[in-house]
1. If you take the charge dipole of the chain about its Cα centre, with +1 on Lys and Arg Cβ and -1 on Asp and Glu Cβ, which of N202, F525, V158 is farthest toward its positive end?
2. I'd like to compare 451-458, 233-240: which one has the highest average count of other Cβ atoms within 10 Å, and what's the full order after that?
3. Measure out, as a whole number of angstrom, how far apart the alpha-carbon centroids of the stretch 169-231 and the stretch 366-431 sit.
4. Could you count how many Lys pairs in the chain have their Cα atoms under 24 Å apart, skipping same-chain pairs fewer than 8 positions apart?
5. Using θ = phi - 60° and the Karplus form 6.51 cos²θ - 1.76 cosθ + 1.60, what ³J(HN,Hα) does each residue of the stretch 385-390 get, whole Hz, x for Gly and Pro?
6. Roughly how far apart, in whole Å, are the Cα centres of the stretch 99-139 and the stretch 458-514?
7. How high is the relative contact order of the stretch 379-531? Use alpha-carbon pairs under 8 Å, at least six apart in sequence, and give a whole percent.
8. Report relative contact order for the chain in percent, whole number only (criteria: Cα-Cα under 8 Å, sequence separation at least 6).
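Taken together, the values in this text are just the output of simple stated rules run on the coordinates, not laboratory data. Quick caveat: nothing in here was measured; it's all calculated off a predicted structure. Here the Cβ is made from the backbone with ideal geometry for all residues, glycine too, and neighbour counts use every protein chain on show.
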Amino acid sequence: MRRYAAMVGIVATGAMALAGGGGRVSGEPPAKQIVLTPLGVYRTLLNDKAAAEIAAYDPATRRVFSVNVELRRIDVLDISDPANPFLASTIDVTPFGHHANSVAVHDGIIGVAIQAEVKTDPGKAAFFDADGNLLAAVTAGALPDMITFTPNGRFALVANEGEPNDAYTVDPQGTISLIDLTGGVNALTDADVTSIDFTAFNGAALDPSVRIFGPGASVAQDLEPEYIAVSHDSRTAWVTLQENNAIAIVDLSERRVTRVVGLGFKDHTAPGNGLDASDQGGAINITNWPLWGMYQPDAIAAFEYHGRTYLATANEGDVREYAGFPGGVESARVNSLTLDPIAFPNAAALKANTALGRVNVTKSLGDPDRDGDFDQLFAFGARSFSIRDAQAGLLFDSGDALERVTAAASPANFNASNTNNTLKNRSDDKGPEPEGIRAAALFGRTYLFIALERIGGIAVYEVVNPAAPTFVQYINTRNFAAATTTVAAGDLGPEGVIVIPADDSPTGQPLLVIANEVSGTIRIFGISQAK
């Protein structure tokens, strides 16, 4: 494992400590360093097949349950020795649908979100014991994409994305399935499932930054739940609506969505909000551009700090692309658009391929006067993570810190994709793509672990103050010297993030477990305090 430990990694020292876009405030304790050290890895040997996408951990059996889309099953890994994880068993999900999209664990119960054979049909939420024995299966919404349990174990929640078919002739509602477990998992029936939808918002005046733009879609159809976080008291859930640039707030006792919060847009002209916008030219160029970023978070985590709840989001970005969508896809490169000469007096220079011309923006925004030219440009994602309050109000955004951290760590492969090692390959399209995020209390402090889907690696921040988290470490167990189709490439496409506290760890040491979608690997890190 030493080969990986020597791979790309940086810790916060000197100027790099400022890369987090913030610092301590008066009265806050100093940042406390932790260190991630690679311990072991499990390899499915299935490259670019989504064979290890999302995972969950059961402390009683010391097993990790991992979604294997390619083989249509849950892989059950024994990590009693984190240096040597192995496949102990599998759980077949094909009796319930086409494949699993998500897995979660609570008190020995394994919950699995399973997509139907036809993705626009209702899916299933199936529950198993740790040995893979079926306990119950109930009907969920269309395209169940994420499952989680409330901390008190009373409910399981499923985010049903409700994507349309490719022709955009069938567009199910996006919903959240609330599954009441109080009567016992073995006794579950469809009568225990409440489908929470967005029909109350049809015709409602939404914040302008909430994107409702599917052809012929109602608000309830267009909103697409992606990921769920739950408050520590199990009373509130927050659901990312990625394509819509919004977060839904759900009152679990009332079993309804109380708010749909537009997340606004990121100003890439502001200091500290630069980006590298071109996949051409060779040189890294993180700078300000006349561009807005749509936050469009994927994963979301809720955490407590000084008695208050905060939200952390991984602002990945996403593009709608369907045969039935106008033009087939909502994105276009800036150099293909007509720019308003008043808003962009230097349009010709901006449209150069080494400037802003190659960056992908949405065609659904930016022409409010509908005169055919663009007065504003909106890119997908924010290339950052954010911290928000319990009402989803923005407190902190990491700005361009993630691109600067990865540029310092891997200058020859900056913004490479997870399927090739080319420098700046993703600079024109969402950059490092932060996708997964997890908050954890360790050693008396709160830390955030952010998985970067494209270039790979995990960025660690300490929340010494929710408005100014501090950068701690970036580590990438990827080998840029190897072809991405080979085992030697290491870990590619991190998505699922698990933090195992010391009390639940097989070694007594906190562990970080990362599911890497593209390489089909489960990587285990030890988490220790810096000496």
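1. F525
2. Highest-to-lowest ranking by the protection proxy: 451-458, 233-240.
3. Cα centroid of the stretch 169-231 versus Cα centroid of the stretch 366-431: 27 Å apart.
4. 14
5. Per residue, the Karplus-derived 3J(HN,Hα) values read 10, 10, 10, 10, 7, 5 Hz.
6. Using only Cα atoms to place each centre, the spacing works out to 26 Å.
7. 16
8. Taking the mean separation of contacting Cα pairs over the length of the chain, I get 17 percent.
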